[in-house]
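Engineer: Have a look at this one before I ask anything.
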Amino acid sequence: MTTTAQVISKEDLLKHWQGHRSLTRKVIEAFPEKDFFEFSVGGMRTFAELTSELLAIGAPAMKGIVNREVKPYDENTDNGKTKADYLAKWDKATEEINHYWGLLPVEDFSKTFNLFGQYEFPIIENVFYFIDNEVHHRGQGYVYLRALGIEPPFFWER
């Protein structure tokens with residue numbers, strides 16, 4: 001297989017994604033403990049629930065892609081009872097993403113993978129989804145923080 005010119009390298013795409021993850025981590029940190037688990041606006045999920053979704057996607061998806069394991073999406077993992085527990089899970093997931101990213105050949109990004117048995121797209125499109133979904137939910141977190149009278153982190157501080 002011949003590799004063509006790229007606009008962004010595999011390494012830079014990971015750096016971009018991890019920059020978003022770093023900012024999302026700051027949003028988690030900004031929440032008061034109680035509000036992380038209980039506060040929401042307009043019937044939306046709490047930020048702990050949104051974080052659980054993000055934790056159920058990033059590292060498990062990368063592991064599945066690299067190992068070509070099609071496993072169902074599972075958001076019901078125990079992420080702990082405290083914000084510190086969630087942050088520890090977040091940090092562990094970051095390490096796992098970095099590990100599996102290193103095992104994924106650049107040539108595979110154009111290959112189709114049936115993520116969670118539901119989303120059959122080229123791997124690169126799945127990665128874009130991971131990032132887009134996180135940005136979307138982090139935006140909800142910004143709204144929650146502002147509603148709580150808390151200044152969220154600057155979005156460019158990744």
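The values are calculated or read from the model by the stated rules, or taken from the named source; none is laboratory data. Predicted model only: the values in this text are computed from it and were never measured. Neighbour counts are summed over all protein chains in view; Cβ atoms, including those assigned to glycine, are modelled from backbone coordinates with ideal geometry. Keep in mind that these areas ignore ligands, DNA and RNA; they rest on the heavy atoms of the full protein, side chains included. Shrake-Rupley method; radii C 1.70, N 1.55, O 1.52, S 1.80 Å.
Engineer: Which of these values of percent of Cα pairs over 20 Å apart was calculated from the structure shown: (1) 47; (2) 56; (3) 51?
Structural biologist: Answer label, from the structure shown: (3).
Engineer: Let me ask something else. Note the direction-averaged projected area, equal to a quarter of the hull surface, for the Cα convex hull of region 17-100, in nm².
Structural biologist: Convex hull of Cα atoms, orientation-averaged projection: 5.7 nm².
Engineer: In nanometres, what is the gap between the two model label sites at Gln6 and Ser110, each 7 Å from Cα along Cα-to-Cβ?
Structural biologist: So the label points at Gln6 and Ser110 sit 1.3 nm apart.
Engineer: Label 7 Å along Cα→Cβ of Ala84; region 34-74 residues with amide nitrogen under 19 Å?
Structural biologist: Taking a point 7 Å out along Cα→Cβ of Ala84, the residues of region 34-74 whose backbone N falls under 19 Å are 34-38, 48.
Engineer: Using the Karplus curve 6.51 cos²θ - 1.76 cosθ + 1.60 with θ = phi - 60°, what ³J(HN,Hα) values do you get for each residue of region 37-46, in whole Hz, with x for Gly and Pro?
Structural biologist: Taking θ as phi minus 60°, the curve returns 9, 10, 7, 8, 10, x, x, 6, 5, 5 Hz for region 37-46.
Engineer: Between 0 and 90 degrees, rounded to the nearest ten: what's the tilt of helix 123-147 against the longest Cα principal axis of the chain?
Structural biologist: Computed tilt is about 10 degrees.
Engineer: Using only Cα atoms and rounding to the nearest 10 degrees, what angle (0 to 90) does helix 47-67 make with the longest principal axis of the chain?
Structural biologist: Tilt relative to the chain: about 10 degrees.
Engineer: Specify which residue in the list Gln118, Leu104, Ile131 is farthest towards the positive end of the charge dipole of region 38-137, using unit charges on the beta carbon of Lys, Arg (+1) and Asp, Glu (-1), about the Cα centre.
Structural biologist: Leu104
Engineer: First compute the accessible area of the chain with a 1.4 Å probe, then give the percent of it belonging to carbon and sulfur atoms.
Structural biologist: Result for the chain: 55 percent of the exposed heavy-atom area is carbon or sulfur.
Engineer: Could you do me a favour and compute the accessible area per residue for the chain, 1.4 Å probe, result in Å²?
Structural biologist: Accessible surface, normalised per residue, equals 54 Å².
Engineer: Magnitude of the Cβ-charge dipole of region 1-148, K/R +1 and D/E -1, about the Cα centre, nearest 20 debye?
Structural biologist: 240
Engineer: Could you work out how far apart the two model spin labels at Asp74 and Phe37 are, taking each label as a point 7 Å from the Cα in the direction of the beta carbon, and quote it in nm?
Structural biologist: Spacing of the two 7 Å Cα→Cβ label points: 2.3 nm.
Engineer: Another question about this same structure. Starting from the amide H of Phe121, placed 1.01 Å from N in the peptide plane, find each other amide H under 5 Å away whose residue is 5 or more places distant or on another chain.
Structural biologist: Placed amide hydrogens put Phe113, Leu115 under 5 Å from Phe121.
Engineer: Quick one: net charge of Leu50's neighbours, Cβ under 12 Å, K/R +1, D/E -1?
Structural biologist: Local charge sum for Leu50: -2.
Engineer: A further question follows. With unit charges on the beta carbon (Lys/Arg positive, Asp/Glu negative), name the residue among Ile28, Gly43, Ile57 whose Cα is farthest towards the positive pole of the charge dipole of region 1-61.
Structural biologist: Ile57
Engineer: In nm, to one decimal, how far is the Asn67 label point from the Asp91 one, both placed 7 Å along Cα→Cβ?
Structural biologist: Calculated label separation equals 2.4 nm.
Engineer: Relative contact order for the chain: what is it in percent, counting Cα pairs under 8 Å that are at least 6 residues apart?
Structural biologist: 31
Engineer: Moving on to the next point. Would you check the chain for Lys pairs whose C-alpha atoms are within less than 16 Å, ignoring same-chain pairs closer than 8 in sequence, and give me the count?
Structural biologist: 12
Engineer: Nothing charged except the Cβ atoms of Lys and Arg (+1) and of Asp and Glu (-1): what's the magnitude of the dipole of region 46-117 about its Cα centre? Round to the nearest 20 debye.
Structural biologist: It comes to approximately 60 debye.
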